[in-house]
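Taken together, the values in this text are just the output of simple stated rules run on the coordinates, not laboratory data. What you see is a predicted model; the values in this text were computed from it and never measured. With ideal geometry, Cβ positions are generated from the backbone for all residues, glycine too; neighbour counts draw on all protein chains shown.
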Amino acid sequence: MKYFVLALAAFVLASASAQAASYKVDAAQSKISFAGEHAGTAFKGQFEKWTAAIEFDAANLPASRIDVTVETASAKTGNAMYDGTLPSADWFASDRFPQARFISTAITQNADGSYLAKGNLTIRDVTKPVEFTFTLSPPDASTPAVNADAKFSLERLAFGIGQESDPKAEWVSANIALELHVVASK
């Protein structure tokens, strides 16, 4: 019995050390923004409501994970027409699909010190694999507070966004640029 208790204690301690540190996002300093073109005119916006569960350890990337949930109705551009259209049935369909979600499946480090996050993104009940490169400041997340930044694009039609009114991307750009700036603390 004594050896069983010691083995169980060793397993619990090993499991605890295998977990990455949890980070709390500072919502006031963080943002998820998007940009594209409509009829040749550039537009920018951001999601005003989102949450993230982040666990990260640069020395143990297999234990690291990112889980982000975005409230689709919170997409705002400052343009009344766009802000009224984005939650509509043809675009985000926010009444039927109030949330978009990214869940990482792997995080690896690139040769230049940046990181690659691979995962699944679900928008409008359509799930697609997505990957993006992000940088950290400091690069090894060695301080309690960390900044993470990423820029990448998504093909909106792959998720059925604007499929009815603009199926050939003649009015709104097919690729929407996303920019993430996350400030988080252990």
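Less than 11 Å Cβ to Cβ from Ile103, Lys/Arg counted +1 and Asp/Glu -1: what total charge do the surrounding residues give?
+2
Given charges of +1 on the Cβ of Lys and Arg and -1 on the Cβ of Asp and Glu, with all other atoms neutral, how large is the dipole of region 20-185 about its Cα centre, in debye to the nearest 20?
Around 120 debye, computed over region 20-185.
Any idea how far the Cα center of region 123-186 sits from the one of region 62-77, in Å?
9 Å
Which of the following values of mean projected area of the Cα convex hull in nm² was calculated from the structure shown: (i) 11.2; (ii) 10.4; (iii) 13.3?
Structure-derived value, by its label: (iii).
Under a straight-distance cross-link criterion of Cα-Cα below 22 Å, which lysines are reachable from Lys168, leaving out those fewer than 8 residues away in the same chain?
Lys44, Lys128
Taking Cα atoms, how many degrees apart are the long axis of helix 2-18 and the longest axis of the chain, rounded to 10 and kept between 0 and 90?
30 degrees
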